[in-house]
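Structure record follows, encoded as structure tokens.
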Amino acid sequence: MNFSLETRYWYLRDHQLFKHLSSSELQEICLISSFKTAKKGEIIYFANDERSRVYSLKKGIIKIVDMDADGNETVKEVLQAGDLFGQITLEDTDLNEYAVVLSDYVTCCSFRIEDFEKVIQKNPSLAVKFTKLVGLRFKRLENRYTNLMFKDVRTRLLLFLQEWAEREGKPEEAGVSLKNYLTHQDIASLICSTRQTVSQLMSELKDSGLIDYSRSMIVIPNLPELRKTAA
């Protein structure tokens, strides 16, 4: 799908990274931006094919999948609108990952590293905001790796569900609800466990009343109680 300059302008204007820019500065960003869309299940980014670009997710949810030398795949993280991915260090490093669409539809914009560097060099405030966003992403990964090292599998699952609910949950009468777009294998990869263990623990949490779930939804009846159990 081709995006006109006007459409790019309105998409970027509301992004947390660019909303502080003036109209002329934003128009300059539009000229170097490239947009793409994809549907659920499609691969929207492959690191080996696009090593010199930094991406920002405008709309939707994706998962970043890492592949080791033996071809084994692991879900590295789940990203939402506003998150950055690709060569976010602005260096042409050798990544072996790709992004798969989890929501019904996604839109993302990307920039060639050399073009984006020129823009942020002229705009220190943009550089600061970019650095903060990258820092937040690395902080989430750091917290996750800390949990992997020092928490048991049940606690890691509870903390994962807590974070998921705090980021995406919608308060309803029955509790905090989540659209269930992750398989048990996805969750297992994210918390460094096995699909069988995650399935067993999810059943135990359901039996204990901490969660309820189906193929399409997860409901946490009492999020403070779940937080307390995970602590």
Item to check | the chain, relative contact order in percent, only Cα pairs under 8 angstrom and at least six apart counted | outcome: 18 percent
Next on the checklist: Using a 7 Å offset from the Cα along the Cα-to-Cβ direction at both Asp49 and Lys36, what is the distance between the two label points in nm, to one decimal?
Outcome noted: 0.6 nm
Item to check | Candidate aspartates and glutamates for bridging to Lys206, where Cα separation is under 15 Å - those fewer than 8 sequence places away on the same chain excluded | outcome: Glu225
Checklist outcome for this item: Straight-line reach check, Lys118, cutoff 21 Å on alpha carbons, 8 or more apart in-chain or any other chain, hits among lysines -> Lys19, Lys129, Lys132
Checklist entry - What full-extension length gain, to one decimal in nm, is calculated for Lys132 and Leu148 as 0.36 nm per residue of separation minus the Cα-Cα distance? => result 3.3 nm
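How big is segment 42-100 by the Kirkwood estimate over distinct Cα pairs, in Å? Spell out each step's value before the answer.
Numbers: mean 1/r = 0.0857 Å⁻¹.
This gives a value of 11.7 Å.
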Checklist entry - HN-Hα J couplings of segment 77-87 from phi, Karplus 6.51/-1.76/1.60, θ = phi - 60°, integer Hz, Gly and Pro as x? => result 6, 10, 10, 10, 3, x, 6, 9, 8, x, 7
Next on the checklist: Distance between the C-alpha centers of segment 140-199 and segment 1-31? Whole Å please.
Outcome noted: 34 Å
Checklist outcome for this item: Sorted on mean Cβ neighbours within 10 Å (highest first), peptides 112-120, 91-99 come out as 112-120, 91-99
Checklist entry - Which lysines does Lys63 reach when only Cα atoms under 18 Å apart count, and residues fewer than 8 places away in its own chain are ignored? => result Lys36, Lys39, Lys40, Lys76, Lys139, Lys179
Item to check | Among Leu12, Leu141, Leu161: highest mean-square fluctuation, GNM of the chain, C-alpha pairs under 10 Å | outcome: Leu141
Checklist entry - Once amide H atoms are placed 1.01 Å from N in the peptide plane, what residues at a sequence separation of 5 or more from Glu42, or on another chain, have their amide H within under 5 Å of its amide H? => result Val101
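Under a Cβ-only charge scheme (Lys and Arg +1, Asp and Glu -1), can you give me the dipole magnitude of the chain about the Cα centre, in debye to the nearest 20? Don't jump to the answer; show the numbers that get you there.
On the way: 32 positive and 33 negative charges, 111 e Å.
Computed about the Cα centre, the dipole is about 540 debye.
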Checklist entry - Considering every Cα-Cα pair within segment 5-137, what fraction, in whole percent, is farther apart than 26 Å? => result 19 percent
Checklist entry - Stokes-Einstein at 25 °C, 0.890 mPa s, Kirkwood radius from Cα pairs: D for the chain in µm² s⁻¹? => result 128 µm²/s
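Hey, with R₀ at 22 Å, roughly what FRET efficiency would Ser24 and Arg112 work out to, going by the Cβ-Cβ distance, to 0.05?
Working: r = 21 Å, r/R0 = 0.94.
The value I calculate is 0.60.
Just so you know, all these numbers are worked out from the coordinates, no wet-lab data involved. Just so it is clear, the model here is predicted, and its values are computed rather than measured. All Cβ positions, glycine included, derive from the backbone under ideal geometry; neighbour counts span all protein chains shown.
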